[in-house]
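Enquirer: Let me begin by handing over the structure; questions about it come next.
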Amino acid sequence: MAESEYTRFVDWEKMGELTHSSGPSQLSCTDLRDLKQFARQGLWSQNHGMRSQVYQQLIRDVPCRTVTPDADVYRDIADRIVRRRSTCSLALPDFVDGSQVPTYCLNGDGTGSVRKITVCIANQFPDISYCPVLPSIVALLLHFSKDEAECFEMVCRLLACNDPGRRLLDQTFLAYESSNMTFGDLVSKYCPRVHKLVVASSQDVLDVYSDWLRWIFGDLPLPYAARVLDVFFVEGYKVLYRVALAILKFFRKVRAHQFETSGDLKQDIHSFVQGIGNFVTSQKLLEKAFAIRLFSRKEIRLLQMANEKSLQQKGITVKQKRQNVHLAVDADNFHSDIVSSKEMRNIWSWVPERFALCQPQLLFTTSEHGCSLTRFYAQCQGNEPTLLLIKTTEGEVCGAYLSTDWAERTAGNKLSFFGTGECFVFRLKPEMERYEWVVIKHPELASAPAAPDSSQTADRLTTNSTSESQDDPSNRLSPFLATRHFNLSSKTASMFMAGSLDFILVGGGDGNALYIDADLNYGRTARCTTFDSPPLCSETFQIAVLEAWGFQDAINS
C-alpha cells in the first residue's frame, strides 16, 4: 500500500520497518488452518496492503446483527455529531474509563480521527457500558483503513458480532472484570513464579492483573500490537490470554537479570512492555505464547461464566470502587490458631478469583470441636469450597484448598474420589509454596469393599496418578470441570479428593499428596520421586492444630 494513503493519519517517519512492503501483496487463501499458520508466521506483517486486505476479509466474515452500522452510516452522522468542534479536543465516551488514545505512530489528524470515530461508535451502540480497549482497537485499524468510514465499519462489525461462541470485544464491566479474574486464575496456574512475585510485591493482586489488556492494546509497540491483532482476528480471544501470559513470563526472566525496578510492580510491567523491543522480538513473543498448553476455549469459557456468576451474586456488575482482594481477609475480625491475617491473605491470593471476593469463615477447629473426623465432616458439609489448615507439633504449617463439598463423599467405610482440579495443597512454613494439582485416578480403590491400608494408600496415590496424568496429556482434565456443574459424563470427571470414615486424602501437585487419619492427630505426605520440588512437610507428622475454613457467602458455580 502506498505511503500516500497514510500521510493523512500517520507520522510516516516513525513507522520504521512497517514502511517496507516486502513479500506477497495479495492473499487468496480462505482456509482457516492455513490462515492460522500464516498469521502465526507473520506472512503479512511486512506488507500494509496485504494486511489491510486480510483484515477486511476476516472482519467481513464476522457474523453480525441484521442492522450493523456501515461506512455510509458514518458519512451520514459524523459531521452532524462532531459539528464544528475540533476532533483533537473531542471527549471520549465514559465507557472507555479514562483510556487514552495510543499514539501508534499516528499524527495529530490521526489521533483526532480516533476520537471522532469512537464518539460516532458510542452514538450507534448505546448498549456499550464499558470498553476501555476501544480507542486502541480503533487506532490500530485506522492504520489499515482507507478512510475513517472504513475504519468505523470494521470496528462496528467487531462490536456487533452475534456468534455466541465467538468472543471479540468485551462491552460491559461484568465481562471486563470477569476477564480480569479469569486471567488471574490462568496466571496462578501457568505462571506460578510470577504469581508468587506479584503476591509478595503488591497489596492487590487482581489490580495488577486488571491491566493485562492494556499491556497488549496500549503498551505494546505498534509492530507487536499489529502481530497480536493478526492472530486475534484468526483465532479469537484466547490468543490475548496467551500473549499476556507470555509477557509475564518474559518480564520475570528479564527482571531477574537486567531490568531496573521502581518498587512499583504494576508500573514496572507497563515499562517493560513499552520497551519490550529491547528484550524480545514480536515473533519470539508469539512463539512463547503458543508454547503454553492453555486450556480449551470451552474450559476457559466455563471459567469465565463462573467468574461472571460470582460477580453477579456479589452485585458487582458496574464500575465501582472495587474491594481490594487481599483485604477480603479482614485483619480486625480474623483469628486463627495457625496463621496470621497476613498469611491468610497470601493463601487467599492462591484461591480462584471468584472465591477471593469472600470472607474466610471458621467452620471447624480441633481446639474447639475436638479430634473427630466425623465431627469434621458434619461441620464442613454444605460448604463449598473449604480450606484446610494444619500446624504440626514441629511448627510446620501446611494445608489444602478443597474445591468440592465434603457431602459428596460416599457415606460409610468405602473410599470415594471426587473434587475438581482447582484443589491444591500448599505449605507456609518453613517457606511458602503452592503445589499444582495432579489428578487422582484409582478406580480399584473407589470400588474396594473396604478402606485400603492407610500405610500404603498415599504412596500409591501420587506415584500412579502423577505418571498417568503426565504420560497421557488427555488425562489432564481441566481443573474447572465437574460433572454436576456442567452436565458432563461421569467418565470425564476428575478426582482430587477422597474421604472415608477412616481417613482423608487430598491429591496435591508436583507429586505431593496429603493423608490425615480419623483421629485428626496423625498425618503423612507422599510424593513421587520424579519431582524436584521440596516436600509439602515431613513424611510423617503429628497434628497440633487442624482448622477448616469456609468462604462466607460463596457462590457454588
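Enquirer: Sort largest first and round to whole Å: the equivalent ellipsoid semi-axes of segment 105-238, each the square root of five times a Cα gyration tensor eigenvalue.
Expert: The answer is 29, 17, 14 Å, longest axis first.
Enquirer: Note down the magnitude of the dipole of segment 90-221 about its Cα centre, charges +1 on Lys and Arg C-beta and -1 on Asp and Glu C-beta and zero elsewhere, to the nearest 20 debye.
Expert: My answer is approximately 380 debye.
Enquirer: Between Trp12 and Asn521, what is 0.36 nm times their sequence separation minus the Cα-Cα distance? Round to one decimal in nm.
Expert: Gain on extension, Trp12 to Asn521, equals 176.0 nm.
Enquirer: Give, in nm to one decimal, the length gained when the segment between Leu32 and Gln274 is fully stretched (0.36 nm per residue of separation minus the Cα-Cα distance).
Expert: Stretched out fully, the Leu32 to Gln274 stretch lengthens by 84.0 nm.
Enquirer: In whole angstrom, and with the biggest value first, how far do the Cα coordinates of segment 87-184 range along each principal axis?
Expert: Projected onto its principal axes, the Cα set of segment 87-184 covers 37, 26, 24 Å.
Enquirer: Mind checking which lysines have their C-alpha under 22 Å from Lys14, skipping anything on the same chain fewer than 8 residues away?
Expert: Lys146
Enquirer: Let me ask something additional. Label point 7 Å out from Lys253 along Cα-to-Cβ: which residues of segment 266-308 have amide N under 13 Å?
Expert: 279-292
Enquirer: Solvent-accessible area of Arg252, probe 1.4 Å, all protein chains present, reported in Å² to the nearest ten, please.
Expert: 80 Å²
Enquirer: Per residue, how large is the accessible surface of segment 190-249? Use a 1.4 angstrom probe and give square angstrom.
Expert: With all protein chains present, segment 190-249 gives 23 Å² per residue.
Enquirer: Carbon and sulfur atoms: what percent of the 1.4 Å accessible area of segment 196-265 do they account for?
Expert: 43 percent
Enquirer: Here is a follow-up. When you count, for each residue, the other Cβ atoms within 10 Å and take the mean per peptide, how do 45-54, 367-376, 59-68 rank with the highest first?
Expert: Packing order, densest peptide first, comes out as 45-54, 367-376, 59-68.
The values are calculated or read from the model by the stated rules, or taken from the named source; none is laboratory data. Remember, predicted model here, so these are calculated numbers, not experimental data. Cβ sites come from the backbone with ideal geometry, for glycine too, and all protein chains shown count toward neighbours. Areas reflect the complete protein model, heavy atoms only, side chains present, ligands, DNA and RNA absent. Shrake-Rupley method; radii C 1.70, N 1.55, O 1.52, S 1.80 Å.
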